[in-house]
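Just so it is clear, none of the values below were taken in a lab; they were calculated from the coordinates. On a predicted model such as this, the values are computed, not experimentally measured, just so you know. Methodologically, a virtual Cβ is constructed for each residue, glycine included, from the backbone with ideal geometry; neighbour enumeration extends over all protein chains shown.
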Amino acid sequence: MDMQKPSLDYAQLPISISGFQCSTKPARMNETVPDRSLTWADAAQSVITTGRRAYQRGWLPATSGNLSVRAENGEIAITRTGVDKGSLLLLDILRQPLDQALLPGSSAEAALHLRLYADHADIGAVFHVHSLLSSVLGRLNVTQGHILLQGWEMQKALAGVVTHESRVLLPVFANSQDIHTLSSVIAKSRVQAVPDAVLAPGYVLAGHGIYAWGSDAAQAWRHLEALDSLLTQVSALTAHSY
C-alpha cells in the first residue's frame, strides 16, 4: 500500500544495473524513446488521467497504489502518499527529482519507481496497482518466483513479444516492508539469464499488487491492461483444470 511514510533515503540505493533482458530473447522497452521534452505539468496530467482510469477498473481501492511518469529535466511526476487515485488533483502529484532523496509526502514505495528509472533509461512511466488477480496469483506463485504466460494471443501486446508461442515470465516477489532490500532484489533479478524466455515489463508483489512500465504512459497502460487480462486468463484456466 502507499500509505506508509518515507522510510529510506533513495540516494543510498545502488544503481548499478545497466539493462533488463533475459537470455537471447530480450523484452525491449524502447519501441519508442521516452519523451524527454515532456513538461512536468503534462506528466502530472498523465498521472491524474491514469489514476482515474485505474480506479474505475477497481485496481486502486482505498488510496492504494502509486503512479509516475518521467518528465524533462530529470524529474518525474508521482502520486503522493495516502491520496485517492480516483479523484487526483495537481496538488496530489509530487515533482520528484530522480537524483535526490524522496520528497516529504512520498510513499516509501516511490523508491521502487526511482530505481526503475535510474536503471532503465528507456522507461518513461511506471504504474503500480492493487488488482485482485495480481495479488492472489502472486501468493499462489511466490514460491516458484514467477507466473508463466504462454499460448495467449494477448502476450503480443507486450513490447518485444511477437508470438503467442513465446514463454513470457512475470516475476513474483515476496511482499516486504524493507523497500531498500526489495528494490535491490528486484533489480538483480532483471539481469539474470532465463533460458528461452522473455521477462514481462512488470512484476508482482505477492499479496500486494503489480508494477508495469513502458516507454511512455500509453505503453505502460497497455502493458498493465494486457498483464491484467493475461492473469485473468491464467486464473480461469487454472480454475477449470481442477
Worksheet, complete the sentence: Ordering 99-107, 204-212, 41-49 by per-residue average of other C-beta atoms within 10 angstrom, highest first, gives 204-212, 41-49, 99-107
Response to the item:
Output for segment 55-131: trypsin sites (Lys or Arg not before Pro) sitting in coil per DSSP, at most 13 other Cβ within 10 Å, listed by number, reads Arg57
Worksheet item: For segment 148-242, which GluC sites (Glu not before Pro) are in a loop by DSSP, counting at most 10 other Cβ atoms within 10 Å?
Response: Glu165
